[in-house]
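Engineer: Structure provided below as structure tokens; questions to follow.
The values are calculated or read from the model by the stated rules, or taken from the named source; none is laboratory data. Just so it is clear, the structure is predicted and the values come from calculations on it, not from any experiment. FYI the Cβ positions are ideal-geometry reconstructions off the backbone, even for glycines, and counts take in every protein chain you see.
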Amino acid sequence: MSVLRDDFLWGGATAANQLEGAWDVDGKGPSVPDMCTNGSFEHPKRITTTIEPDTLYPSHEAIDHYHHVEEDVDLFAEMGFKCYRFSVNWTRIYPTGEEEEPNEKGLEFYDKLINRLVMHGIEPLVTISHYELPYALVDKYDGWKDRRLVDLYVKYASTLFERYKDKVKYWLTFNEINGGTTSMGDVLSTGLVQGFSGTLFDVKNTQQDRMQALHHQFIASAKVVKLAHEKYPQFKMGNMDCFITTYPYTCNPDDLILNQQAMRHMNWYASDVQVRGAYPAFAKRIWEEEGVELHMEPGDEELLKEGKVDFYTFSYYMSNCVSADPDAPQVEGNIMAGVKNPYLEASDWGWQIDPKGLRWTLNEIYDRYQIPLMVVENGLGAYDEIEPDGTINDDYRIDYLRKHIIQMEEAVKDGVDLMGYTPWGCIDLVSASTGEMAKRYGFIYVEKYDDGTGTLARRKKKSFDWYKKVIATNGEDLV
């Protein structure tokens, strides 16, 4: 008998800006990803202030899910999905973010998507904002640096709530909100790139601006959660963090203290606010050391208390080490790099593979918060090859997922209340960090390539049937 609950939410996860395409169709306005060029592991993607001619912007077509939505959902249903995590593209609903009335054509697309999911008995899990800030709000306000975005976000979320109140139960306010503490988050999350052209790694903002922008997102999230709890009691509201698990590189106490600081800064700072409803005690020292004077308006602390989430979700791909030794060997990572762990292997993109770290992470989170947890991103970005007979034998992906599911089940045995699992990029899509198609995650291969060519045909990988069996047995048959 499976150790997982009978109503475990097996599924997959995507983001609108990475798969929909149709970037200027049916009234949609440009979002930040629409201003981002393609890139690769060797050459970082860029953000531009205008669309440059003869330059590939991968989100413009992506995998054209906009025109393949029914086909794609039918494939998810064939795998047996119980849940599908997707995001709404803000600029499909409010093209500049400031319109008085929503764009009906944009809402009709999500009607089609959600209705198809409901038809198949698949629970929608909607991320309200997943790295798709309207570029007009960057141009005018420098993104979330300006508090006026709070009410614009609340208006947008309220539109979704009212439209889908009878069809969507689970909502996440912001994707990987803690990424706003990092320079990459300036582009992906908080939109602090007014007038900026350059790579994701060349953005120069102060921690003052980052932490203030993040505070505005916390207030926006709290207002929306409070609204949901008061007006739509059937809703379950969640946060979403990019969990970067780190270990001390050695048993040197300096490494231990540095690791504690890294975990607090990256992982606990944001989720303490959203789950506990207040900034943690250690936040004051972070602000002092980083020169941050956080501006709060009267009533903000009460709002944070009133806007606590009901469940905790996170992405988990890898782990890093932390060392006081400046010469310790470095590796690449998700959002941020770290020190190489000699006990782990790594993916083609240098991300260290650590299934047991997921068990440890689930236990750490649950011990801290004691609310239901959900792993809403996990997966292996890899180069997939089509064999001469048309098959895609991604045994490496099956191995990665199997090992992580085993450790999830161990965490449940440890006492963790785990409600679901939606691996990232269940269908191939554009990479958020590198802007490429070659870094594939899906159970479904999409014939789209980094030069912009491709038929967009969908093919099942070997992992498709494997995951179908996993779901059918509620995680018992992982062979």
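Engineer: Looking at the structure I just gave you, is Thr434 surrounded by fewer than 16 Cβ atoms within 10 Å (Cβ to Cβ), in a loop (DSSP other than H, G, I, E, B) and either within 22 Å of the chain's Cα centre (by Cα) or of a type in the set (Val, Ile, Thr) (or both)?
Structural biologist: Values: surrounded by fewer than 16 Cβ atoms within 10 Å (Cβ to Cβ): no; in a loop (DSSP other than H, G, I, E, B): yes; either within 22 Å of the chain's Cα centre (by Cα) or of a type in the set (Val, Ile, Thr) (or both): yes.
Answer is no for this residue.
Engineer: Please go through the stretch 204-222 and pick out each residue that is among the basic types (Lys, Arg) and either crowded, with 21+ Cβ neighbours inside 10 Å or in contact with an Asp or Glu (Cβ under 8 Å, 6 or more places away or on another chain) (or both). So that I can check it myself, show each step before the final result.
Structural biologist: Residues of the stretch 204-222 among the basic types (Lys, Arg): 204, 210.
Matches in the stretch 204-222: Arg210 only.
Engineer: State whether one or more residues within the stretch 150-161 are surrounded by fewer than 17 Cβ atoms within 10 Å (Cβ to Cβ), touching a strand residue (DSSP E or B) at 6+ places or on another chain (Cβ under 6 Å) and either touching a residue at least 24 places away in the same chain (Cβ under 8 Å) or in a loop (DSSP other than H, G, I, E, B) (or both).
Structural biologist: no
Engineer: Taking Tyr317 and the conditions (1) within 24 Å of the chain's Cα centre (by Cα); (2) part of a loop (DSSP other than H, G, I, E, B); (3) over 20 Å from Ser189 (Cβ atoms); (4) hydroxyl-bearing (Ser, Thr, Tyr), which numbered condition does it fall short on, given that it satisfies the others?
Structural biologist: All conditions pass for Tyr317, except number (3).
Engineer: Kindly check whether there is at least one residue in the stretch 36-43 that is over 30 Å from Lys105 (Cα atoms) and either in a helix (DSSP H, G or I) or at pLDDT 95 or above (or both). Before the answer, list the steps.
Structural biologist: First, pick out the residues of the stretch 36-43 that are over 30 Å from Lys105 (Cα atoms): 39-43.
Checking the rest, the ones that are also either in a helix (DSSP H, G or I) or at pLDDT 95 or above (or both) come to none.
Looking through the stretch 36-43, none of the residues is over 30 Å from Lys105 (Cα atoms) and either in a helix (DSSP H, G or I) or at pLDDT 95 or above (or both).
Engineer: Do you know which of the residues in the stretch 337-347 that are in a loop (DSSP other than H, G, I, E, B) and more than 20 Å from the chain's Cα centre (by Cα) is surrounded by the fewest Cβ atoms within 10 Å (Cβ to Cβ)?
Structural biologist: Once the filter is applied, the top-ranked residue is Pro342.
Engineer: Would you pick out the residues in the stretch 189-209 that are in contact with a helix residue (DSSP H, G or I) (Cβ under 6 Å, 6 or more places away or on another chain) and either aromatic (Phe, Trp, Tyr) or in a helix (DSSP H, G or I) (or both)?
Structural biologist: Looking only at the stretch 189-209, we keep the residues that are in contact with a helix residue (DSSP H, G or I) (Cβ under 6 Å, 6 or more places away or on another chain), and these are 189-194, 200, 203, 205, 209.
If the condition is that a residue be in contact with a helix residue (DSSP H, G or I) (Cβ under 6 Å, 6 or more places away or on another chain) and either aromatic (Phe, Trp, Tyr) or in a helix (DSSP H, G or I) (or both), then Asp209 is the only one that fits.
Engineer: Which of the numbered conditions does Arg368 fail, given that it passes all the others? Conditions: (1) surrounded by fewer than 22 Cβ atoms within 10 Å (Cβ to Cβ); (2) touching a strand residue (DSSP E or B) at 6+ places or on another chain (Cβ under 7 Å).
Structural biologist: (2)
Results for (1) under 14 Å from Ile427 (Cβ atoms); (2) of a type in the set (Ser, Thr, Tyr); (3) under 23 Å from the mean Cα position of the chain (by Cα), shown as yes or no for each residue.
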site	(1), (2), (3)
Ala438	no, no, yes
Phe443	yes, no, yes
Glu447	yes, no, no
Gly452	no, no, no
Arg459	yes, no, no
Ile471	no, no, yes
Glu476	no, no, no
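Engineer: Cβ-Cβ below 9 Å, separation at least six or inter-chain, first residue in the stretch 439-455 and on the phi < 0 side of the Ramachandran plot and surrounded by fewer than 13 Cβ atoms within 10 Å (Cβ to Cβ), second of a type in the set (Lys, Arg) and modelled with pLDDT of 95 or more: which pairs?
Structural biologist: Thr455/Lys448
Engineer: Right, another one. Where residues in the stretch 162-188 are of a type in the set (D, E, K, R) and in a helix (DSSP H, G or I), which of them is surrounded by the fewest Cβ atoms within 10 Å (Cβ to Cβ)? I'd like the intermediate steps shown before the answer.
Structural biologist: Step one: of the stretch 162-188, the residues of a type in the set (D, E, K, R) are 162-163, 165-167, 169, 176, 186.
Within this subset, residues satisfying the condition of being in a helix (DSSP H, G or I) are 162-163, 186.
Values: Glu162: 11, Arg163: 17, Asp186: 25.
Among those residues, the one meeting the criterion is Glu162.
Engineer: Here's something else I'd like to know. Within the stretch 229-237, can one find any residue that is assigned to a helix (DSSP H, G or I), at pLDDT 95 or above and either charged (D, E, K, R) or at positive phi (or both)? Don't jump to the end; show me each part of the working.
Structural biologist: First, the residues of the stretch 229-237 that are assigned to a helix (DSSP H, G or I): 229-231.
Add one more test, that the residue is at pLDDT 95 or above, and what stays is 229-231.
Narrowing further to those that are either charged (D, E, K, R) or at positive phi (or both): 230-231.
Yes, the stretch 229-237 has at least one match.
Engineer: Another question, then. Which of the residues that make up the stretch 132-154 are under 22 Å from the mean Cα position of the chain (by Cα) and within 14 Å of Leu227 (Cβ to Cβ)?
Structural biologist: Listed by number, the residues that qualify are Val150, Tyr153, Val154.
Engineer: Tell me whether the stretch 249-266 contains one or more residues that are crowded, with 20+ Cβ neighbours inside 10 Å, touching a residue at least 24 places away in the same chain (Cβ under 8 Å), not β-branched (Val, Ile, Thr) and not in a helix (DSSP H, G or I).
Structural biologist: Yes, because at least one residue in the stretch 249-266 is crowded, with 20+ Cβ neighbours inside 10 Å, touching a residue at least 24 places away in the same chain (Cβ under 8 Å), not β-branched (Val, Ile, Thr) and not in a helix (DSSP H, G or I).
Engineer: Also: Given Asp394, Asp384, Asp399, which one is free of Cβ contacts under 8 Å to residues at least 60 places away in the same chain and within 16 Å of Trp466 (Cβ to Cβ)?
Structural biologist: Details: Asp394 fails: free of Cβ contacts under 8 Å to residues at least 60 places away in the same chain; Asp384 fails: free of Cβ contacts under 8 Å to residues at least 60 places away in the same chain.
Going through Asp394, Asp384, Asp399 in turn, just one is free of Cβ contacts under 8 Å to residues at least 60 places away in the same chain and within 16 Å of Trp466 (Cβ to Cβ): Asp399.
Engineer: Here's a follow-up. Within the stretch 348-397, work out how many residues are in a helix (DSSP H, G or I) and either among the aliphatic types (A, V, I, L, M) or on the phi > 0 side of the Ramachandran plot (or both). Let's see the steps before the verdict.
Structural biologist: Just the residues of the stretch 348-397 that are in a helix (DSSP H, G or I), to begin with: 355-369, 395-397.
Next cut, either among the aliphatic types (A, V, I, L, M) or on the phi > 0 side of the Ramachandran plot (or both) only: 358, 362, 365.
Residues flagged as in a helix (DSSP H, G or I) and either among the aliphatic types (A, V, I, L, M) or on the phi > 0 side of the Ramachandran plot (or both) within the stretch 348-397 amount to 3.
Engineer: Looking at Glu297, Glu302, which one is outside any strand (DSSP E or B), free of Cβ contacts under 8 Å to residues at least 60 places away in the same chain and farther than 29 Å from Gly379 by Cβ?
Structural biologist: Working: Glu297 fails: free of Cβ contacts under 8 Å to residues at least 60 places away in the same chain.
Residue meeting the stated conditions: Glu302.
Engineer: β-branched (Val, Ile, Thr), modelled with pLDDT of 95 or more and surrounded by 24 or more Cβ atoms within 10 Å (Cβ to Cβ): does that describe Thr96? Give the steps one after another, and end with the answer.
Structural biologist: Values: β-branched (Val, Ile, Thr): yes; modelled with pLDDT of 95 or more: yes; surrounded by 24 or more Cβ atoms within 10 Å (Cβ to Cβ): no.
No, not satisfied.
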